[in-house]
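The values are calculated or read from the model by the stated rules, or taken from the named source; none is laboratory data. Given the structure is predicted, the values throughout are model-derived calculations rather than measurements. Reconstructed Cβ throughout: ideal geometry from the backbone, glycine too, with neighbour counts over all protein chains shown.
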Amino acid sequence: MNVKKMAIRSITYRQKILKYIVGANAGHTGGSLSCIDILNVLYNEVLNVSPQNFNSPNRDRYIQSKGHCVEALYVVLADKGFFPEDDLHTMCRYKSHYIGHPTRKVYGVEQNTGALGHGLSLSVGTAIAAKLDNKAYKVFTLMGDGELPEGSNWEAALTAAHYKLDNLCAIIDKNSLQITGPTADVCNTDPIDEKFESFGWEVKHVNGHSLQELKQVFDELPFKKGKPSLIIAHTVKGNGVSFMQNQTKWHHGVPDKEQYSIAVKELDTALAAII
Amino acid sequence: MSASTDNQKMPGKANLDVFSGTLQVLAQADREILAVTSDSRGSGKLVAFGQKFPAQIIEIGIAEQNLVGVAAGLASAGKKVFAVSPACFLTARALEQIKNDIAYSDNPVKLIGISAGVSYGALGSTHHSLHDYAVLRCINNIMIVAPADNFETEQAITQAAKLNKPIYIRFGKKPMSLLTEDESNGFEFGKGRLITEGNDIAIIATGETVYPALQAAIKLQAIYNINASVISMHTIKPLDYALLKLVAANTKAVITVEEHSIYGGLGEACASFLLENGYHKPFKIMGIPDEYTVTGSQTEILNHYGISEDGILKMSLQLLGLNTDEKTKP
């Protein structure tokens, strides 16, 4: 992995997320910024998914359970060439396909998500199909820590272990904040690792903003033969923009002109420091 | 006159048995066919299926939301998935998964609602599905089918296996007679079957209520010389508007019959079409009223609410303005 190149991408992606959220005057800013490094590593270093092979039955699958952070996904898919980035100027506009949650109308999106607690079951089904077909593809799903109280997640977690789905990897973007406030105060789901371990998963923790750590942990998949893998990615909501970091109000806050300008400058500075 | 449809000769099998038999035949020939169950292989008559095709049955356990989500994932990877669960749980508990993971994402799962309507009888309202047509009708991109007899069930399952779109098929578990021996009267999704043709009244029924509707029509003809068109409207969505129009134009009154709430089902679907298209004639929706049903067996419950040969006969006479006590030709 070219760390410098990847780090530049992460910052560029952040700038684009903000740009299109401002353009749409809508979006889930904080969560898109917390998961973007995960998506960067997945799409650029892990998944065998491209516009050329997207219809191949052998491609890896990425299902974004936390569908509200679609801006991060759009920016990465555009970068990978699934559609012209200019399309994102229509995001959330009248008649645009680029709506505020993933849909298959956008090339590169596997499943229509947005209602929480759906991605893991969809991924379990897809991973069972891979096992039945003796196919080598892996299935990845990105969940938020705030969506874990949805009971369907735990139904799916049971099934994943029951069917020994070591071709399945769930990633929890644990930014510890949700729309009401700290996840620990809304409905405490900690300790997530012990819960999943007791369900039969193999769990690893990672700094969700360390590209190297992320790459490393994905390279270790499956963590244990015969078990589904969970990566708990410790992240910061609003990561990369100091005044957005760890602030509940940036869950779906849209920066105004001045805030946008400050954010872009901050990211430019970070970029300059790398280059 | 007997009020009970169960007292009629019922030489056929339960549609449930036809479903499981048909699925075995299909699964033998096509290894992509999967049954996905929620601890429902017994109630879905799939025990033999599981023994014959252990690699083609996926057990989820009692978790209907996950059942539907997993089924969607399997279908997205090319599997021909029959997700089998009691209709009551499948279409209520997992409704969001049906809406998003099946219909919205266009994953072509075949949802099989077993023991539908009031099949579970005295087990009570938790186990009744009197809401399924209504809730699914207002979800885009899913067909709703209730086969009436063994032939329709076999056809529905066989054609569903080839279908690359979401579909919901529901049926009960009591033995059903064939509606007609006429083999030219085929089955196609979205096309109602005209079982008898008459110009006095149209009785549009669906699922296992078509049989008592047909029995009522036979008596209407024999005793009162009233000729009824009986339609098996097996596909509730998309509704066969052409056939509806045809029978509405040629009859004096219309009755709909369904093992479902009078709200939101076949009856209201027909009513809105007829009204919007200028057919203003005596009209009655026969179904379960807006209440938790009386306790009883399936037959007792249906009889109680007039969803029976006798009830449909009386309603036909009433709608045509005839004395229901009159036993002679009008």
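I'm checking my understanding of the structure. Among residues of the range A:250-275 that are more than 20 Å from A:Asn175 (Cβ to Cβ) and β-branched (Val, Ile, Thr), which one is surrounded by the most Cβ atoms within 10 Å (Cβ to Cβ)?
Step by step, filter the range A:250-275, then rank; the result is A:Val264.
Results for (1) in contact (Cβ under 8 Å) with a residue 12 or more places away in the chain; (2) aliphatic (A, V, I, L, M); (3) surrounded by fewer than 17 Cβ atoms within 10 Å (Cβ to Cβ), shown as yes or no for each residue.
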position	(1), (2), (3)
B:Lys245	yes, no, yes
B:Ala249	yes, yes, yes
B:Ile255	yes, yes, no
B:Gly264	yes, no, no
B:Gly267	yes, no, no
B:Pro282	yes, no, yes
B:Ile285	yes, yes, no
B:Thr295	yes, no, yes
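Hey, among the residues in the range A:138-158 that are more than 11 Å from chain B (Cβ to nearest Cβ) and touching a strand residue (DSSP E or B) at 6+ places or on another chain (Cβ under 7 Å), which one's farthest from A:Thr183 (Cα to Cα)?
Filtering first and then ranking leaves A:Lys138.
Filter the range B:211-246 down to residues that are touching a Pro at 6+ places or on another chain (Cβ under 8 Å) and assigned to a helix (DSSP H, G or I), then give me how many there are.
Going through the range B:211-246 one residue at a time, the tally reaches 1.
Could you list, in sequence order, the residues of the range A:164-211 that are more than 26 Å from A:Asn40 (Cβ to Cβ) and within 14 Å of chain B (Cβ to nearest Cβ)?
Those that are more than 26 Å from A:Asn40 (Cβ to Cβ) and within 14 Å of chain B (Cβ to nearest Cβ): A:Lys164, A:Phe199, A:Gly200.
Could you check A:Tyr107 against (1) within 14 Å of another protein chain (Cβ to nearest Cβ); (2) of a type in the set (Phe, Trp, Tyr); (3) in contact with a Pro (Cβ under 8 Å, 6 or more places away or on another chain) and say which number it fails?
(1)
Mind checking which pairs have a first residue in the range B:135-150 that is closer than 8 Å to B:Lys237 by Cβ and at pLDDT 95 or above and a second that is part of a helix (DSSP H, G or I) and not charged (D, E, K, R), Cβ under 8 Å, 6 or more apart or different chains?
Short answer, once both residue conditions are applied: B:Leu136/B:Ile98; B:Arg137/B:Ala269; B:Ile142/B:Ile98; B:Ile142/B:Ile102; B:Ile142/B:Ala103; B:Ile142/B:Leu136; B:Ile144/B:Tyr133; B:Ile144/B:Leu136.
Looking only at residues in the range A:117-137 that are crowded, with 20+ Cβ neighbours inside 10 Å and outside any helix (DSSP H, G or I), which one is nearest to the other protein chains (Cβ to nearest Cβ)?
A:His118
Do we have any residue at all in the range B:13-30 that's away from chain A (no Cβ under 14 Å), over 14 Å from B:Ile112 (Cα atoms), not acidic (Asp, Glu) and not in a helix (DSSP H, G or I)?
yes
Please go through the range B:184-222 and pick out each residue that is over 18 Å from the mean Cα position of the chain (by Cα), of a type in the set (Gly, Ala, Ser) and surrounded by fewer than 23 Cβ atoms within 10 Å (Cβ to Cβ).
If the condition is that a residue be over 18 Å from the mean Cα position of the chain (by Cα), of a type in the set (Gly, Ala, Ser) and surrounded by fewer than 23 Cβ atoms within 10 Å (Cβ to Cβ), then B:Ser184, B:Gly198, B:Ala222 are the ones that fit.
Of the residues in the range B:50-69, how many are closer than 26 Å to B:Val18 by Cβ, in contact with a Ser or Thr (Cβ under 6 Å, 6 or more places away or on another chain) and buried (at least 20 other Cβ atoms within 10 Å of the Cβ)?
Counting residues in the range B:50-69 that are closer than 26 Å to B:Val18 by Cβ, in contact with a Ser or Thr (Cβ under 6 Å, 6 or more places away or on another chain) and buried (at least 20 other Cβ atoms within 10 Å of the Cβ) gives 3.
Here are some residues: A:Lys227, A:Lys265. Which one is within 20 Å of A:Gly30 (Cβ to Cβ) and charged (D, E, K, R)?
A:Lys265
Residues of the range B:31-52 being within 21 Å of A:Lys164 (Cβ to Cβ), of a type in the set (A, V, I, L, M, F, W, C) and within 12 Å of chain A (Cβ to nearest Cβ), which ones?
Result: B:Leu34, B:Val36.
Return a yes/no flag: does the range B:20-35 have any residue that is within 26 Å of B:Cys138 (Cβ to Cβ), without any contact (Cβ under 8 Å) to a residue 40 or more places away in the chain and not assigned by TED's automatic domain parsing to the domain that holds B:Tyr211.
No, the conditions are met nowhere in the range B:20-35.
Kindly provide the set of residues from the range B:95-117 that are within 13 Å of chain A (Cβ to nearest Cβ), at positive phi and surrounded by 24 or more Cβ atoms within 10 Å (Cβ to Cβ), ordered by number.
None - no residue of the range B:95-117 is within 13 Å of chain A (Cβ to nearest Cβ), at positive phi and surrounded by 24 or more Cβ atoms within 10 Å (Cβ to Cβ), so the list stays empty.
In this structure, does A:Ala161 turn out to be within 10 Å of another protein chain (Cβ to nearest Cβ) and more than 15 Å from the chain's Cα centre (by Cα)?
Judged against the criteria, A:Ala161 is not a match.
Quick check on B:Ala92: is it assigned to a loop (DSSP other than H, G, I, E, B), more than 8 Å from chain A (Cβ to nearest Cβ) and small (Gly, Ala, Ser)?
yes
Would you point out which residue out of B:Gly73, B:Gly42, B:Gly61 is more than 30 Å from B:Ile288 (Cβ to Cβ) and assigned to a loop (DSSP other than H, G, I, E, B)?
Result of the check over B:Gly73, B:Gly42, B:Gly61: B:Gly61.
Quick one: in the range A:25-48, of everything that is touching a Phe, Trp or Tyr at 6+ places or on another chain (Cβ under 8 Å) and more than 16 Å from A:Ser210 (Cα to Cα), which residue is surrounded by the fewest Cβ atoms within 10 Å (Cβ to Cβ)?
A:Asn48
Any idea how many residues of the range B:21-44 are touching a Phe, Trp or Tyr at 6+ places or on another chain (Cβ under 8 Å) and modelled with pLDDT of 95 or more?
9
Taking the residues in the range B:45-66 that are within 23 Å of the chain's Cα centre (by Cα) and charged (D, E, K, R) as candidates, determine which candidate is modelled with the highest pLDDT.
Checking each candidate, the answer is B:Glu64.
For the range B:247-265, give me each residue that is in a loop (DSSP other than H, G, I, E, B) and more than 22 Å from B:Ala116 (Cα to Cα).
Those that are in a loop (DSSP other than H, G, I, E, B) and more than 22 Å from B:Ala116 (Cα to Cα): B:Thr251, B:Lys252.
Go through (1) surrounded by 19 or more Cβ atoms within 10 Å (Cβ to Cβ); (2) out of contact with any helix residue (DSSP H, G or I) (no Cβ under 9 Å at 6 or more places or on another chain); (3) closer than 27 Å to B:Val135 by Cα one by one and return the number of the condition B:His234 breaks.
The number of the failed condition is (2).
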